[in-house]
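In what follows, a single structure is set out as structure tokens and then discussed.
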Amino acid sequence: MRKDTHVLSTDFFYEYPVISAGKGIYLYDENGVEYIDGSGGPILCSLGHGLTEMGDVAKEQMVKLAFADRDICVTPVLRQACDKVCEASSGDMDKVFFVCGGSEANEIAIKMVREYHLDRGNPGKYKVISRWQSYHGSSMGVLSLSGFTKRRSGYEPYLSEFGHIPPAYCYRCWFGREPGKCNLECAQALENEILCQGPETVAAFIAEPISGMSLCAAEPAEGYFRKIREICDKYDVALILDEVMTGVGRTGKYFAYQHFGIVPDVISMGKAVSGGYFPLGGVACTGRFFNEMYKNNGSFKSGYSWNGNPLGAAIAVKTFDYLAEHKLVENVASMGEYLKSKMVQLAYHPTVGDVRGRGLMIGMEFVKNKATKETFDPEMNLSQQLFREAVNRRLFIDASSGCDRGQSGNQLMVAPAFIVTKEQIDTIVDRLDQVITTVEKNNGY
């Protein structure tokens, strides 16, 4: 990081590219050098960069009405945005609360669940159980729920602990089982934790339908979420699904829970809900869930100043319209299958242990030994090597470490915008192939 700038970047010793423009899946630095945005922002810019019509919508709404306080009024465009979310859920969701990002969304989700239990005369229910190797945001409340060890590191004194269970991580099953040959022990762990905590104290369970950067697109085994839903219903525990990364089309359906044959009580969303054009998030709940609050109290007094602002709402409406008009969710499904098939071909590399994911959210895990799944020494920082070599080859990807119980493990995610074509995927995977080859060679492979 240059000392002659006032920007406080994440890595003080890394010389970041200075990006000044974007178009489609491409970004351009101040010298006009082109990069492929293979991580979508990361995993946020769903519509591609530089859409004139998104700028036009923002300008029109900003001139018409940029802000209105949601505590004193409602705007027509906010109603439209909420309608779009509920339509995308095929009517599963009935009420929507817009916020300004994913962390805010998950904070509101847990407050909403708390209100739900208070209104029903269950003040003892306040604990929210989550999973290790999960991520739900950077603010302290939802960082407490997160099981992403590296992102919790250093902040533990500020975090609360309500219980974490093992992740749905078939490649490194914590129970030593294999998909199709297990009894869904990772799901059954929820019932065990509820009983240990005391069912009368547990308000909710929160999980990502498909894991984000903590496990790079790890999917649960068949039947996992049906078992989770059954356990939650048994103990009057609300089910929150964190769709901040997976929601609004990223997995080939509008919401990832739609792959698994269940309906959660609450979903959170962010990232793609604005197509990558405005800081926006939201929380949606079912009609049954809302009706319990409606009949027992009639209010939900929580939020932030910019919640439900008309500018964000207008961009959300345009995002959903653009997705439908250009059949982009369908494109995600087809291009996602193609991307995964191409990335699987990279398994010839001696360090590629697993390729996983759904839609345009495909993860890759790296190992020292494929047979034993031994991880690399964390001191090597292999994920960072992959990330930086990708930048050298004008490709942006997202990479993380610590997937093996937070101690070691290296992985990356490829998640381009929904407009990506087969030809562009071929280029992305070809560059990724070169990246892996170079990093392997540098490490003696």
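The values are calculated or read from the model by the stated rules, or taken from the named source; none is laboratory data. Predicted, not measured: the structure shown is a model, and the values here were computed from it. Note: ideal-geometry Cβ built from the backbone for every residue, glycine included; neighbour counts use all protein chains shown. Surface accessibility is based on the protein's heavy atoms, side chains included, excluding ligands, DNA and RNA. Shrake-Rupley method; radii C 1.70, N 1.55, O 1.52, S 1.80 Å.
Some points to look at:
- Any hit, segment 15-28, residues being under 15 Å from residue 319 (Cα atoms), of a type in the set (A, V, I, L, M) and either in a helix (DSSP H, G or I) or in contact with a helix residue (DSSP H, G or I) (Cβ under 8 Å, 6 or more places away or on another chain) (or both): no
- When residues of segment 214-231 are limited to those that are in contact with a Pro (Cβ under 9 Å, 6 or more places away or on another chain) and open to solvent by less than 10 Å² (accessible area, probe 1.4 Å), the one nearest to residue 340 (Cα to Cα): 218
- Checking residue 106 against (1) modelled with pLDDT of 95 or more; (2) open to solvent by 40 Å² or more (accessible area, probe 1.4 Å), the condition it does not meet: (2)
- Taken over segment 1-15, the criterion of being open to solvent by less than 70 Å² (accessible area, probe 1.4 Å) and of a type in the set (A, V, I, L, M, F, W, C) is satisfied by 1 alone.
- One residue from 18, 63 being open to solvent by 60 Å² or more (accessible area, probe 1.4 Å), without any contact (Cβ under 8 Å) to a residue 60 or more places away in the chain, in contact with a strand residue (DSSP E or B) (Cβ under 7 Å, 6 or more places away or on another chain) and at negative phi: 18
- Hits in segment 177-195 - residues which are open to solvent by 70 Å² or more (accessible area, probe 1.4 Å) and in a loop (DSSP other than H, G, I, E, B): 177, 178, 179, 180, 181, 183
- If you filter segment 196-213 down to residues that are in contact (Cβ under 8 Å) with a residue 60 or more places away in the chain and not in a strand (DSSP E or B), you find that the one that is surrounded by the fewest Cβ atoms within 10 Å (Cβ to Cβ) is 200.
- Test for residue 365: is it among the charged types (D, E, K, R) and open to solvent by less than 20 Å² (accessible area, probe 1.4 Å): yes
- Unique residue being open to solvent by 10 Å² or more (accessible area, probe 1.4 Å) and not charged (D, E, K, R) when the list is 261, 249, 270: 261
- Matching residues, segment 398-438, being open to solvent by less than 10 Å² (accessible area, probe 1.4 Å) and closer than 24 Å to residue 323 by Cβ: 413, 414, 415, 416, 417, 418, 420, 425, 428
- Single residue of segment 21-54 satisfying the filter (under 21 Å from the mean Cα position of the chain (by Cα) and of a type in the set (Ser, Thr, Tyr)) that is surrounded by the fewest Cβ atoms within 10 Å (Cβ to Cβ): 39
- Residue in segment 136-143 that is open to solvent by 10 Å² or more (accessible area, probe 1.4 Å), in a loop (DSSP other than H, G, I, E, B), under 30 Å from residue 249 (Cα atoms) and in contact (Cβ under 8 Å) with a residue 40 or more places away in the chain present: no
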